[in-house]
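Below is one structure, written out as structure tokens; comments come after it.
A short reminder: the numbers here are calculations on the coordinates, not readings from a lab. These numbers come from a predicted model, not from an experiment. So basically every Cβ, Gly included, is an ideal-geometry build from the backbone, and we count neighbours across all protein chains shown.
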Amino acid sequence: MEKRRVVITGLGTVNPLGNNVSASWDAAMAGKCGIGPITQFDASEFKCKLAGEVKNFDPETVVDKKEARKMARFTLLALAAATEAIADSGLDTEAEARQIGVILSSGIGGLPTIEEQHTRGEEKGMEKVSPYFVPMSIANMAAAQIAIRFGLKGMCTCPVTACAGGTNAVGDAFHRIRDGYEPIMVCGGAESCISPLGIGGFTSMKALSTASDPDAASLPFDARRGGFVMGEGSGVLVLEELEHAKARGAHIYAEVVGYGANCDAYHFTAPAPGGAGAIDCMKLALADGQVAPEAIDHINAHGTGTHMNDSCETAAIHAVFGAHAGDIAVVSTKSMTGHLLGGAGGVEAVFTALALRDQFAPPTIHYEQPDPECDLDYVPNTGRSMKMEYALSNSLGFGGHNACLVFRKWEG
């Protein structure tokens, strides 16, 4: 069967830079920092006191107060992003309900809900926890609630592949359409685990930055980097089969052309030496899209700000792209948003599509001290207007999960 072409017709996001696509992209292009003091719990006794929180988010803009009490924050953030993306696409979801699927990732799901309900159970008895505890906290519920809200009856699933999950969701949705299963997919990721256990756990494993200055905390590819900054939010895309999109006169942001996914099979948290798994993953994505390495102009890197990730990803880019690596604008938008775990790939896919549309690479902010192990063009501190036809987005997760997407500028 001939493979179908897949385009992006809707975008939605809620993240530390803004509560919609326009505000978020304006902030990203301007190099704004979305990181600040933790407000969702008292972090005064914690080593880590900073995070990339979503600001001024009102759940009642998404659902009524009664329904909001039955949903964890990650689900509410996903619903907000999905509502924007679907409205942006102009789809008649009621008429096409059976043809639309949902693939929405979360790495951890409702961790704050688990903490809250465990405390309640210890105080009042475990059989007195909320009857909504289980359906609120399970990681698939954001995907399910999006499907329920819009009546979407195609495939509905949730990749739980740590920090690769959002990119896996978009890639799986892309293949689902390309191979003829559904003509339309709503896809991306969502995460919200800025909580005592979430922050405490990542701090204990020495993964988080303990910097006190928001402008010196999330430092991808910088020699001063000392860990990632926890972020939260959601990024959702509407993918559509090209002819279906054309037939209804849909606006098209960009085309998805390639997807790779694999596993390091090396260590449960550390990347394989030299970025071996990332190398193979990027090669798989390029081959899937039949795109030559030298055609890539821009990479939205995983770029977490940990020593191992940034050095290994840089090495992987050198290995895949050779002499061309230095000509690629390699950006970490996590320098602005922090790391959204399972939500990262969705938000970064939104940013990559917009970078191609506007022919603009957002900056890697906070970049001051070059590291010999990280020697690529990271678009430091100031975004750049540039010609780009193909862009790539990387996500590399705990467990050795790797995922990579290739996008192409839409020519009309």
Net charge, residue 3 excluded, C-beta distance under 9 Å - Lys, Arg +1, Asp, Glu -1: +1
Exposure proxy ranking, count of Cβ atoms within 10 Å, fewest first, for 53, 67, 123: 123, 67, 53
Mean separation of Cα contacts under 8 Å, 6 or more apart, over the residue count of region 6-247: relative contact order %: 31 percent
Among 126, 10, 401 the positive-end extreme of the charge dipole of the chain (Cβ point charges): 126
Taking 137, 89, 204, 22 and counting other C-beta atoms within 10 Å, the order from fewest to most: 204, 22, 137, 89
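Find the Cα radius of gyration of the chain, compare it with 2.2 N^0.38 Å by division, and give the number to two decimals.
Working: Rg = 19.7 Å, N = 412, 2.2 N^0.38 = 21.7 Å.
Relative to the 2.2 N^0.38 Å estimate, the chain comes out at 0.91.
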Contact order relative to length of the chain, as percent, for alpha carbon pairs under 8 angstrom and 6 or more apart: 24 percent
Whole-angstrom gap from region 153-180 to region 6-45, using each part's C-alpha centre: 22 Å
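Taking every DSSP beta bridge with both residues inside region 260-409, roughly what % is antiparallel (nearest 5)? Please report the intermediate quantities before stating the final value.
Values: 15 of 24 bridges.
Bridges in region 260-409 are about 60 percent antiparallel.
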Isotropically averaged projected area of region 137-232, using the convex hull of Cα atoms (one quarter of hull area), nm²: 8.2 nm²
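Tell me, 335, 385 in order of fewest to most beta-carbon neighbours within 10 Å? Mind showing how you got there, number by number?
Details: 335 32, 385 10.
Going from least to most buried by this count: 385, 335.
Of 3/246; 49/334; 246/283; 55/206; 246/387; 334/409, which ones are farther than 19 Å apart at the Cα?
Details: 3/246 17 Å; 49/334 17 Å; 246/283 30 Å; 55/206 26 Å; 246/387 25 Å; 334/409 23 Å.
Table pairs above 19 Å Cα-Cα are 246/283; 55/206; 246/387; 334/409.
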Considering only region 6-247, percent of DSSP beta bridges that pair antiparallel, nearest 5: 65 percent
Relative contact order of region 308-383, defined on C-alpha pairs under 8 angstrom at six or more residues apart (%): 42 percent
Where the Cα pairs of region 260-409 fall when distances are cut into 10 Å bins, in %: 12, 47, 37, 4
Cβ-defined net charge surrounding residue 142, 12 Å radius [Lys, Arg +1; Asp, Glu -1]: +1
Under 20 Å from residue 66, Cα to Cα: aspartates and glutamates that are on another chain or at least 8 residues apart: 58, 116
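Once the other residues with Cβ under 14 Å from the Cβ of residue 356 are scored (Lys, Arg +1; Asp, Glu -1), what is the net sum? Write out the running numbers ahead of the final one.
Numbers: positive: 357, 384, 387, 408, 409; negative: 255, 297, 348, 358, 389, 411.
Computed value for this residue: -1.
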Rounded to 5, the percent of DSSP beta bridges in the chain classed as antiparallel: 70 percent
3J(HN,Hα) from dihedral phi, region 230-235, Karplus parametrisation 6.51/-1.76/1.60, rounded to Hz, x for glycine, proline: 5, x, 9, x, 8, x
Distance between region 286-355 and region 371-391 - C-alpha centres, whole angstrom: 10 Å
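Quick check for me: using +1 on Lys/Arg Cβ and -1 on Asp/Glu Cβ, what's the dipole size of the chain about its Cα centre, in debye to the nearest 20? Please list the in-between numbers first.
Details: 32 positive and 48 negative charges, 137 e Å.
For this selection, approximately 660 debye.
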